[in-house]
Every structure is written in C-alpha cells, then in structure tokens.
Amino acid sequence: MDGNKRVADFIWNISWNDLPEEVHQKVKLCLLDTLGATIGGTLTPVSKITANYITKLWPGNEATILLYNAHSSAAGAAFANGYALPMRSILMMTLSILKVTQVHKSFQYP
C-alpha cells in the first residue's frame, strides 16, 4: 500500500474518540485560534475589499461573510472569510498540529 492510500485510509477510518485527550484539547485550541485570527483579519483593508467584491461576484443568501452583515453564495463566503484569515495563522496552526503528532508517537497509524 502506498503512502497516499495509507494516509487516506487512516483519515477515513479515524474517529474523534480514537484520538487522545491531548489531541482533543489541541484541536479545540487551534479552532479557537483560527476563529480569533479570522475575526481580527476582518478588520484589514483587504478583507473589506474582498467582502464587498464577493457580494457582487457571487451573490446569494447561502452563507454569511463574517462581521460584514453581508451574505453570498457558500463559495463566495468561504472565499471572503478565507481572505480574512492571515496566512501566518494558517502556518502557525499547521506547525502546532505537527508538534502534537510528534508528541503522540505511541499513537499508531494503521
């Protein structure tokens, strides 16, 4: 079995309850960090420009553009909200998750 297949099988078969409590806590912290960074990112000029543009490019009422009292299609809102999240936060979250997986070497992959 190649590496891609092993990783895909692991992701497909893992459940929240299979993960150690330390991983649960780290995931929750990462989600809160991401939410906080995204909310803070909505204050940037590029976020405001993107939110205004997206409501015209992808109109709709499927989803909310965070903190702008605006709606768009789901794809448009995902794009605008994604622009609010600074790239530094994505990198830091990824590195943080990698540290957790190194700590839990006893947790065996299938």
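Observations on the model:
- Restricting attention to segment 14-54, the residues being more than 21 Å from Ile65 (Cβ to Cβ), assigned to a helix (DSSP H, G or I) and either in contact with a strand residue (DSSP E or B) (Cβ under 8 Å, 6 or more places away or on another chain) or polar (S, T, N, Q) (or both) number 2.
- Scanning segment 17-62 for residues that are exposed (fewer than 12 other Cβ atoms within 10 Å of the Cβ), more than 17 Å from the chain's Cα centre (by Cα) and free of Cβ contacts under 8 Å to residues at least 12 places away in the same chain yields Asn17, Asp18, Glu21, Leu43, Pro45, Lys56, Asn61.
Quick note: the coordinates plus some simple rules give every number you see, no bench work behind them. Remember, it's a predicted structure, so these values are computed and weren't measured experimentally. We place every Cβ from the backbone using ideal geometry, glycine too, and count neighbours over all the protein chains shown.
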